[in-house]
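Asker: Below is a structure I'd like to ask you about.
The values are calculated or read from the model by the stated rules, or taken from the named source; none is laboratory data. As the structure is a computational prediction, the values presented were derived from the model and not from experiment. All Cβ positions, glycine included, derive from the backbone under ideal geometry; neighbour counts span all protein chains shown. The accessibility values were calculated without ligands, DNA or RNA, using every heavy atom of the protein model including side chains. Shrake-Rupley method; radii C 1.70, N 1.55, O 1.52, S 1.80 Å.
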Amino acid sequence: SLALAGLFGGIRGELPTAQDPATWDPRQPGPFAVPKPVRFRPCSSGRAETWSVLVQVPDVEWNLPVLAWVNGFSATAEMYSLFHSHIASHGFAVVGLDIPQTRTTVEGADARAEDVAALVQCITQNGGADFAAKFRAAGGDAKASFDVAEQFGLIAHSAGGHAALHMLDRIGCFRARFAALLDPVDGLDPFGLEKGFLLPVGVHPEVKLNFTTPVALIISGHASEAPHYPKALRWPACAPADRAGMHWYASLDSPKWLVNFSDFGHADLLNEAIPHVFSDHICASGPGASTSAGREAYRIGLAAIVVALGQAMLPSVPQAPKLAQADFLRWLEQPATALARLNISGVSAAGPAPVAGVCSRCCTAATATVGLPWSDISTNAFMV
C-alpha cells in the first residue's frame, strides 16, 4: 500500500531536485524512509513529567521541522500512525502528544490545553536540544536533530483541536507557524458535558480568536451526524455542528482555508484496525469509507494537505521540493483538482484571508512575516 511504502521506502539523506509543479504529488510516499516510531517522556519535571510522546521521523541527517500532534478524545497517537508516517516520509518529525485521558476527563478542556502546552514547552526548550537527546536515549536515530525555533507547526484532531486553538488564543508564546485542524471540536467530549468551550455555542463571526497563525480547517462531511442508534439513546455526533466546522471557521481572524471531504466521517482517518469500531458504534462514517481502499485514500488525502501546508508555511529547508509557495498552496485552494485521482467526490474549499503572521498576541516581539502571495478568495465554502 501507499502507506506502507511510506514506512519502508526512501533513501537516507537524498535531497530532492527541482520538480515540476504539475507533477509534485504529496499523496505519493515521500522520498525518505520512516523507521519504527519511538516513545519516550520528554519532560524531566513539572505537570507533564510522567507523560509520553510518540515520535515518527524520516531517516535523514539534518534539522527536522517539527509537527506536534494532539489526539482526539480518548485516542492515542498509535491510532493515527499510518497518517503520521506518510507525513514523516516527506521530511517532517511528527510528535504525538499523549496525555492520560483520566486526568483530562477530571480536569476539563482548559486543563488539557495547559497539559498540551506543558509538553510543547518541553519539546521546544533549549532549542530542542534536550528533546533530541531524550529521543536518541530512547532508541531514536543518533543523528536526529529538530528545528523547533523556526520550523514548528501544530496538527490536531477532534477535541485535540480545542487544545491547539486554546493554546494559540490564550496561552501562546511559542512559534507555531501554522495549524492544521482535522474536524476540531470545541470542549472536551461529544456530549458537551464539560462546558469549557472556547467560543459561544453556534456560529458567531463577530467573535474573533486572538491570534494570526495560519490555519487549515479540514472537515469531514459526516462528522456532524450521529450514528444510527435509536433516537431514544440520544447518542451525539462526534463533531456537533454547533461546536465544530463553521463554529471555528467564522471566528478565525487569520490566514485560513476550509477543506471539506464530504464523503467521510469523523473517525475514518484512524488506522485500519480501528475505524470499524468507532465508525459503527461511536462516530458516523461516510460512504467513501465503506472500503479499506477508500479509508486509505482519505488518510493519504488528509496527509497530502498537511504536507503541502507544511512545505508552504515553513522556511526553506533542505528536504523541501523546489517549488514556489503558491504551488504548495494549490492543494488547499484547489483540492478537488489536486485530489482528483483519489476518487474522492464532493471536496470543497474556501479561503484564505489575506493576513500574515505566526504568533499569538503575547509573542508579538517574535512575530515574523511569512510572505504570502495570496489573492482574496471568498470565505464561503463552495462545492465542486
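Asker: Find, among the trypsin sites (Lys or Arg not before Pro) in the range 117-179, those assigned to loop by DSSP (not H, G, I, E, B) with at most 16 other beta-carbon atoms within 10 angstrom.
Answerer: Answer in residue order: Lys143.
Asker: How about Lys322: which aspartates and glutamates have a C-alpha closer than 15 Å to its C-alpha, ignoring those fewer than 8 places off in the same chain?
Answerer: Cα-Cα hits under 15 Å: Glu14, Asp20, Asp25.
Asker: Just the number please: accessible area per residue for the range 119-217, 1.4 Å probe, all protein chains included, in Å².
Answerer: I get 32 Å² per residue for this part.
Asker: Please report, largest first and rounded to whole Å, the three semi-axes of the ellipsoid equivalent to the range 125-263, where each semi-axis is the square root of five times an eigenvalue of the C-alpha gyration tensor.
Answerer: In descending order, the three semi-axes are 32, 19, 14 Å.
Asker: A further question follows. Grab the other residues whose beta carbon is less than 12 angstrom from that of Gly139, score K and R as +1, D and E as -1, and report the net.
Answerer: Spelling it out: positives minus negatives among the neighbours equals +3.
Asker: With all protein chains present and a 1.4 Å probe, how do His204, His281 order by accessible area, largest first?
Answerer: Descending accessible area places them as His281, His204.
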